[in-house]
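The values are calculated or read from the model by the stated rules, or taken from the named source; none is laboratory data. Computed from a predicted model, the values in this text were never measured in an experiment. Methodologically, a virtual Cβ is constructed for each residue, glycine included, from the backbone with ideal geometry; neighbour enumeration extends over all protein chains shown. Side chains included, ligands, DNA and RNA excluded: accessible areas come from the protein's heavy atoms. Shrake-Rupley method; radii C 1.70, N 1.55, O 1.52, S 1.80 Å.
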Amino acid sequence: MVTIISRMNGTSFKTRFAPSPTGFLHLGNARTALFNFLLARSQGGEFLLRIEDTDAARGHERYGFALQEDLRWLGLVWDEGPGKEGANGPYYQSQRGSIYARYFSLLQERGLAYRCFCTEEELEIERRTQLAAGRPPRYSGRCRRLTEKQVQQRLTAGMPATLRFHVSPQSEAGFEDRVRGHQHFRAEDIGDFVIRRSDGTPAFFFSNAVDDAVMEITLVVRGEDHLANTPRQILILQALGLPAPEYAHIAMVVGSDGSPLSKRRGSRSVQELREGGFLPLAICNYLARLGHSYGSNDFLSLYDLARGFGTDRMHRAPARYDETQMLHWQKEAVRHATADELWVWMTADTDQRHGQIADMVPSDLSGRFVEAVRENVTTPLEAYYWGANLFAGDHYDDEAQQVIGKAGERFFGSALDCLRTARDFMAFRTALEHATQARGRSLFMPLRAALSGAVYDSKWPRIWPNGPALDRIWDLLGPDRVHARLEEAVRLAGAK
Ligand code: GLU
């Protein structure tokens, strides 16, 4: 299904997607995954998946699996990660406790991390005091001054302790962001920060940075909401003597009102889009152009999306989600899919009604049905309507009935006569024009209404104003069905 650029052996280029499984994959995150995937493929490198489930209270096994399913469905297969164990596993952070423990000890041994017993209340008072004095809130370093004996006493007394990383006032954390250019941060703006929570779990800054280094990630593409975390992470890696990856922070995807896309604001998850009938390549073609541009607007395979992808084509401006664009790519994806792919898509059991297409459309006509309606559908639900209208026999919408009534019994009687001798649609049409003197719309509309049960207007919100061409419908239905439908039209017109 998806062709990928083969990997060059021994390459060191490696990207990753590192989601926290706190919900279903939404479009913003899917784009981050896609960018990392495409970059890896464009460079002949590797793409790694890591599940960041250290926050036991929020992480959820279910979401971890769902994320993987969504990524696979999008075609974003990882070279290393859950189910594809490599040298750097495990790939669930919740299973990497012993690795983090080693690095915590190292920092403690080097005097670069210390236990902190400050309670939330104490920290809050400290913060408020600093703010009231017009200073930015930073941890005061109080616990750094505890003696070893004081630390032991508190531990023996069972006081909960976090582990804090000591940021030396002389340290500097500058880096070249591949999208945003040079970034500079001062140590005094950072302050000592927590790297291990009091329940023993690592803080995001720590596990994320350590894993990127030990998993040999060379480029991290992530949302700019993480930009402020990066200096802390670089400081940790410097202290541990581990290599820092390069970073590219991409602008957030925003909705039409300019605020970040979120579930609360109606942004749909990948799963919801999939259930709504969107095709994976439609989503990928759209997302690859949100904050990144190609030379052309052609619909591209994943292979070609990767070939044209580069950090030099990513931009800083916020990427605005636009449903019209999404529908444009969906239309393109339907246009480019094979007939087999579309048949599977139309009959997928995501909604009870879709399943019935396979019962309505005769199996030997499935390929022709797909080709007849392909230009007129963006969702399986629309395909269902066409399937029902063309084959279920009893579907005539109100407008179609009116048009049939207006054309009258004699029109369809003539049509039946012409059918007897006409070998194909062109011959039939010429004979009917001759017999009825009807031309253009007044000929096609009643025929469409009779043969498809609809007059193709804007009745179904997303259906193209023009339905399948009449000759296509004619060929698809075949002489017997055409005959039966014209007879039905005579009856309907007579009943009006
Ligand atoms: N787990 C983090 C998130 O989902 C990862 C951020 C990153 O890519 O470094 O936001």
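Could you check what % of the DSSP bridge pairs in the chain are antiparallel, to the nearest 5?
On the way: 16 of 30 bridges.
In the chain, approximately 55 percent of DSSP beta bridges are antiparallel ones.
Counting only heavy atoms of the protein chains, get the accessible area per residue of the chain (1.4 Å probe) and round it to a whole Å² value. Numbers along the way, then the final one.
Numbers: 23740 Å² over 496 residues.
Spelled out: the 1.4 Å probe surface of the chain, per residue, equals 48 Å².
Under a point spin-label approximation (7 Å from Cα along Cα-to-Cβ), what is the residue 296-residue 189 distance to one decimal in nm?
4.3 nm
Give me the extension gain from residue 375 to residue 325: residue separation times 0.36 nm, minus the current Cα-Cα distance, reported in nm with one decimal.
On the way: separation 50, 0.36 × 50 = 18.00 nm, distance 1.70 nm.
That works out to 16.3 nm of additional length.
Given N residues in the range 31-126, what is Rg(Cα) / (2.2 N^0.38 Å)?
On the way: Rg = 18.0 Å, N = 96, 2.2 N^0.38 = 12.5 Å.
Scaled against compact globular proteins, the figure is 1.44.
Compute the helix-to-body angle for 470-495: its Cα long axis versus the longest principal axis of the chain, expressed 0 to 90° and rounded to tens.
60 degrees
Report the charge-dipole magnitude of the range 6-164 in Debye, nearest 20, computed about the Cα centre from +1 at each Lys and Arg Cβ and -1 at each Asp and Glu Cβ.
Here the size comes out at about 620 debye.
Compute the long axis of helix 323-336 from its Cα atoms, compare it with the longest principal axis of the Cα atoms of the chain, and write down the angle in degrees, 0 to 90, nearest 10.
60 degrees
Tell me, what ³J(HN,Hα) does each residue in the range 12-27 have, in order and in whole Hz, if you take phi through Karplus 6.51 cos²θ - 1.76 cosθ + 1.60 with θ = phi - 60° and put x for Gly and Pro?
Result, rounded to whole Hz: 10, 6, 8, 10, 8, 10, 10, x, 8, x, 9, x, 6, 4, 10, 4.
Can you give me the % of accessible surface on the chain that is carbon or sulfur? Probe 1.4 Å, all protein chains present, nothing else counted. Display every interim value, and only then the final one.
Working: 11570 of 23740 Å².
Its accessible area is 49 percent carbon and sulfur atoms.
Can you divide the C-alpha Rg of the range 282-375 by 2.2 N^0.38 Å and report the result to two decimal places? Walk me through the intermediate numbers first.
Details: Rg = 16.7 Å, N = 94, 2.2 N^0.38 = 12.4 Å.
That ratio works out to 1.35.
With the cut-off at 34 Å, report for the chain the share of all Cα pairs above it, as a whole percent. Let's see the in-between values first.
Details: 63394 of 122760 pairs.
Of all Cα-Cα distances in the chain, 52 percent exceed 34 Å.
Using Cα centres only, tell me the gap between the range 69-117 and the range 131-162 in whole Å.
28 Å
With a Cα-only, solvent-free Debye model of the range 138-200, what are the log10 I(q)/I(0) values at q = 0.12, 0.19, 0.23, 0.26 Å⁻¹?
For the range 138-200 at q = 0.12, 0.19, 0.23, 0.26 Å⁻¹, log10 I(q)/I(0) is -0.44, -0.82, -1.01, -1.13.
Given the Cα-Cα distance of residue 119 and residue 159 and 0.36 nm per residue of separation, how much length would full extension add, in nm? Mind dumping the intermediate values first?
Details: separation 40, 0.36 × 40 = 14.40 nm, distance 0.96 nm.
Answer, rounded to one decimal: 13.4 nm.
Looking at the range 66-149, which GluC sites (Glu not before Pro) are in a loop (DSSP not H, G, I, E or B) and have at most 16 other Cβ atoms within 10 Å?
Values: sites: 69, 80, 85, 109, 120, 121, 122, 124, 126, 148; in loops: 85.
Counting only loop positions with at most 16 other Cβ atoms within 10 Å, the GluC sites (Glu not before Pro) in the range 66-149 are 85.
How high is the FRET efficiency from residue 392 to residue 304, r the C-beta distance, R0 41 Å, rounded to 0.05?
0.55
Just the isolated ones, please: cysteines in the chain lacking another cysteine beta carbon under 4.7 angstrom.
Unpaired cysteines in the chain: 118, 284, 418.
Helix 380-391 against the longest principal axis of the chain: what's the angle in degrees, Cα atoms only, rounded to the nearest 10?
10 degrees
With +1 on the Cβ of every Lys and Arg and -1 on the Cβ of every Asp and Glu, and nothing else charged, how large is the dipole of the range 247-302 about its Cα centre, in debye rounded to the nearest 20? Let's see the in-between values first.
On the way: 6 positive and 4 negative charges, 41 e Å.
Dipole magnitude for the range 247-302 comes out near 200 debye.
Compute the Kirkwood hydrodynamic radius of the range 71-174, taking the inverse of the mean of 1/r over all pairs of distinct Cα atoms, and give it in Å to one decimal.
Working: mean 1/r = 0.0573 Å⁻¹.
About 17.5 Å, per the Kirkwood formula over Cα pairs.
To the nearest 0.05, what FRET efficiency results for residue 228 and residue 106 with a Förster distance of 25 Å applied to their C-beta separation? Could the numbers behind the result be given before it?
Working: r = 25 Å, r/R0 = 1.00.
Efficiency, from the Cβ-Cβ distance: 0.50.
Based on the mean of other beta carbon atoms within 10 Å per residue, what is the order of 42-51, 277-286, most packed first?
Values: 42-51: 22.0, 277-286: 23.6.
Descending packing order for the listed peptides: 277-286, 42-51.
Rank these by accessible area, largest first, 1.4 Å probe: 114, 100. Mind showing how you got there, number by number?
Values: 114 25, 100 5 Å².
My answer, sorted largest first, is 114, 100.
Can you tell me the relative contact order of the chain? Whole percent, Cα pairs under 8 Å, sequence separation 6 or more. Don't skip to the end; give the middle numbers.
Details: 749 pairs, mean separation 64.2, N = 496.
Dividing the mean separation by the residue count of the chain yields 13 percent.
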